[in-house]
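Before any comments, here is the structure.
Here, each number is a calculation from the coordinates, and none is a lab measurement. Just so you know, these numbers come straight off a predicted model, no measurement behind them. Heads up, the Cβs are rebuilt from the backbone with ideal geometry, glycines too, and the neighbour counts pull from every protein chain shown.
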Amino acid sequence: MRTTMRFLLAAALAMGATTAFAQQQQQAPLKPEVTKQHGDWLVRCYPVTSPSPCDMFELLAQKKSGNRVMSVSFAYAPKANRYVVQIAVPLGVELSKGLTIKAADYASPALRFRRCDRGGCYIEGVTDPAMLDALGQNGGQAKASIVSTEGKTLDINFSLNGFAEARADMTDLAKQKAKEPPAPAQAQ
């Protein structure tokens, strides 16, 4: 019985240490090794092995509080030849209504929310290149529309200044990173 209790205690301590380590790793965000500004869009590449190591990112925040209103990220996965999107909005959205994007003559279908956490609700997944083409041709502004849980439609304007250049740069950088040989293992 004592051996079983000791084993359970040791297992619990090990799980706690693993959880603490994971939480500590989550608190220290990975910093990009490459950042390039194109208008209002930031291209970032991270020092990781990933199907999509680079993205283009725009953050919209409230001027007074600095709180995020919306963030938009597009990434390119060279081996799959696909673009992926992540759009984050605050909590309090009607999940079943999704989010739509409009720019000039383009209107997206309703993009479905995939998940929510303490930080907000997220659209995540593969995106149609036609959406990126349309956004890149506009050059002005786009509008993301969401519906609050109270039923009110909220429009969030975001800039397309630099979008086409950021997309081209991000795509090229992702292709370059996909061709890079893995870093040699370091002796310990």
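Filtering region 54-70 down to residues that are among the charged types (D, E, K, R) and buried (at least 20 other Cβ atoms within 10 Å of the Cβ), which residue is farthest from D172 (Cα to Cα)?
Filtering first and then ranking leaves E58.
Filtering region 132-159 down to residues that are aliphatic (A, V, I, L, M) and closer than 26 Å to G92 by Cα, which residue is surrounded by the fewest Cβ atoms within 10 Å (Cβ to Cβ)?
L154
For residues that are among the hydroxyl-bearing types (S, T, Y) and outside any strand (DSSP E or B), tally how many sit in region 65-97.
The qualifying residues number 2.
How about region 71-89: which of its residues are buried (at least 17 other Cβ atoms within 10 Å of the Cβ) and either more than 19 Å from G136 (Cβ to Cβ) or polar (S, T, N, Q) (or both)?
Correct list: S71, S73, Q86, A88, V89.
I'd like to check which strands (runs of 3 or more DSSP E) are fully inside region 108-150 and have at least 1 residues that are acidic (D, E), more than 25 Å from G162 (Cβ to Cβ) and free of Cβ contacts under 8 Å to residues at least 12 places away in the same chain.
Strands (runs of 3 or more DSSP E) meeting the threshold: 113-117.
Quickly run through region 151-161 and pick out the residues that are assigned to a loop (DSSP other than H, G, I, E, B) and either closer than 21 Å to R82 by Cβ or within 18 Å of the chain's Cα centre (by Cα) (or both).
Within region 151-161, just L160 meets the criteria.
Just to be sure I understand the filter: pairs with C-beta atoms under 7 Å, separated by 6 or more residues or on different chains, first member in region 83-107 and touching a residue at least 12 places away in the same chain (Cβ under 8 Å), second member of a type in the set (K, R) and not in a strand (DSSP E or B). Which pairs pass?
Listed by first residue and then by second, the contacts come to G98/R112.
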